[in-house]
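The values are calculated or read from the model by the stated rules, or taken from the named source; none is laboratory data. Note that the structure is a prediction, hence the values are computed from the model and not measured. Because the Cβ atoms are built from the backbone with ideal geometry, glycine has one as well, and the counts that use them run over all protein chains shown. What goes into the accessible areas is simple: the full protein's heavy atoms, side chains included, and nothing from ligands, DNA or RNA. Shrake-Rupley method; radii C 1.70, N 1.55, O 1.52, S 1.80 Å.
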Amino acid sequence: MSDDSRRPGAGTAAVIPAAGRGVRLGPGAPKALRALNGTPMLIHAVRAMAASRAVSLVVVVAPPDGAAEVKSLLDTHSLPERTDFLVVPGGDTRQESVKLGLDVLPPGIDIVLVHDAARPLVPVDTVDAVIEAVRDGAPAVVPALPLADTVKEVEPRPDGSPEPVVATPERARLRAVQTPQGFDRDTLLHAHETVTDGVTDDASMVEQLGKPVVVVPGHEEAFKVTRPLDLVLAEAVLARRRANDGF
């Protein structure tokens, strides 16, 4: 990539959609508000984004009826003073919520990160690597890891009967995608205005535009907290960090 395509002065914002209920973690508070080491997962995720000195704004997209609660939550936890924070109510789907977060971004933001609130432990080096790749000219960037397991494509059986294997994809060509995903702001806005089909991540929307999406190395600690066992693992990671950092 030539130096002409670099944008060293580009402002960066992170959008965190946190309007989901998290049904796989069971009944109770929305997943993003579940406590992890006594602090809501959402606060961990916000701190993870704000840990990057390149991120000047974090937009949290709250449950439609919970924006005031989330705003109060952010106000009661210590967050970096160099970073601004906004809370906006979300929509019925993740895609709608991300778009509502994009709508409040101020001028001067050229790079946008979209991060899962359920990935509270992503290291700052991963965040910075995504931002740097967008600065170097990539319209869309995803952190990802090679797969440890062989993957089978199957024919689903809604009745619960054994599912026939259709194919075995070549594992070396597969990656498990994480967040934050990083984007050129105009590209992401165009994707949200153009792609209306249900998609599982924002990078898929950019792919549908025919624009390139590149992968940078992810991190094993950027896993998604989805099931109760994930909470146990996340607590263990935090305990190891406290021991290593001396607090």
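Going through segment 93-108 one residue at a time, which ones are of a type outside the set (Ser, Thr, Tyr) and open to solvent by 50 Å² or more (accessible area, probe 1.4 Å)?
Initial filter on segment 93-108 (of a type outside the set (Ser, Thr, Tyr)): 94-96, 98-108.
Passing the criteria: ARG94, GLU96, LYS99, LEU100, ASP103, VAL104, PRO106, PRO107, GLY108.
Find the strands (runs of 3 or more DSSP E) located wholly in segment 48-124 whose residues include 1 or more that are under 25 Å from PHE223 (Cβ atoms) and of a type in the set (Lys, Arg), and list them. Show your work before the answer.
Values: elements: 55-62, 84-89, 109-114.
Counting at least 1 such residues, we get no strands (runs of 3 or more DSSP E) at all.
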